[in-house]
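Before any comments, here is the structure.
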Amino acid sequence: MILTDKQILEEMAKGTILVEPFDRKCLGTNSYDVHLGRYLATYRDEVLDARRHNEIDVFEIPEDGYVLQPNVLYLGVTREYTETHAHVPFLEGKSSVGRLGIDIHATAGKGDVGFCNTWTLEISVTQQVRVYHGMPIGQLIYFEVKGGIENYYNTKGSAKYNKRTITPVESMMWKNEW
């Protein structure tokens, strides 16, 4: 079951959902709008390797915006820091963003119970489009969990994305044992 606006507010009051900064105007009927943070990143190498650390170059989005190019993977970040201690958060694109040809995540739209951080976005575009920091970029939807939790993300020793950040985080696939 997806939480409604009233339920999201109730969970925030209980401390099981945190959104910083929080703006009541961003609360939808059953979601919360998140915004593009100040930073984007691109990978340095043209060919990425899943077994090694692929480094990124992080840059600030200028006040007059930044034009995204097709065939380039951009890592973005949400302005909002979130914590979700009792629900499964899903990050979805906004329809207005999709209608500009902007995709905000390749595969990683689901968070884990216990995820506490900003969200790194995997941004791609179908044609050139100018984006701005602070623009609405996606929406968080919260799902109820049935049953107890044994492994909260923020307490797992193997969790790769626990360090609080305001910049995009590159893939840590190379840390996996396989």
Checklist entry - Does Gly114 count as at pLDDT 90 or above and touching a helix residue (DSSP H, G or I) at 6+ places or on another chain (Cβ under 6 Å)? => result yes
Item to check | the range 93-103, residues that are part of a loop (DSSP other than H, G, I, E, B) and loosely packed, with under 14 Cβ neighbours inside 10 Å | outcome: Arg99
Checklist entry - Limited to the range 117-152, what total is found for residues that are modelled with pLDDT under 95 and in contact with an Asp or Glu (Cβ under 7 Å, 6 or more places away or on another chain)? => result 0
Next on the checklist: Name the single residue that is farthest from Thr84 (Cα to Cα) among those in the range 18-29 being touching a Ser or Thr at 6+ places or on another chain (Cβ under 9 Å) and in a strand (DSSP E or B).
Outcome noted: Glu20
Next on the checklist: Please go through the range 104-161 and give me each residue that is surrounded by fewer than 17 Cβ atoms within 10 Å (Cβ to Cβ), in contact with a Gly (Cβ under 7 Å, 6 or more places away or on another chain), assigned to a loop (DSSP other than H, G, I, E, B) and among the hydroxyl-bearing types (Ser, Thr, Tyr), ordered by number.
Outcome noted: Thr126, Tyr132, Tyr152
Item to check | Residue that is modelled with the lowest pLDDT, among those in the range 1-17 that are among the hydrophobic types (A, V, I, L, M, F, W, C) and either part of a loop (DSSP other than H, G, I, E, B) or touching a Cys at 6+ places or on another chain (Cβ under 8 Å) (or both) | outcome: Met1
Checklist entry - Does Glu92 count as over 18 Å from Val129 (Cβ atoms) and out of contact with any helix residue (DSSP H, G or I) (no Cβ under 7 Å at 6 or more places or on another chain)? => result yes
Checklist entry - Taking strands (runs of 3 or more DSSP E) that fall entirely within the range 33-78, which contain at least 3 residues that are of a type in the set (Lys, Arg), more than 25 Å from Arg164 (Cα to Cα) and within 19 Å of the chain's Cα centre (by Cα)? => result none
Item to check | Which numbered condition Glu83 fails, given (1) among the acidic types (Asp, Glu); (2) under 19 Å from Trp119 (Cα atoms); (3) assigned to a loop (DSSP other than H, G, I, E, B) | outcome: (3)
Checklist outcome for this item: Residue hits (the range 59-80; buried (at least 17 other Cβ atoms within 10 Å of the Cβ) and either in contact with a His (Cβ under 8 Å, 6 or more places away or on another chain) or closer than 25 Å to Phe115 by Cα (or both)) are Ile61, Tyr74, Leu75, Gly76, Val77, Thr78, Arg79, Glu80
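The values are calculated or read from the model by the stated rules, or taken from the named source; none is laboratory data. Just so it is clear, the structure is predicted and the values come from calculations on it, not from any experiment. Don't worry about glycine lacking a Cβ; one is built from the backbone with ideal geometry, like all the others, and counts go over all protein chains shown.
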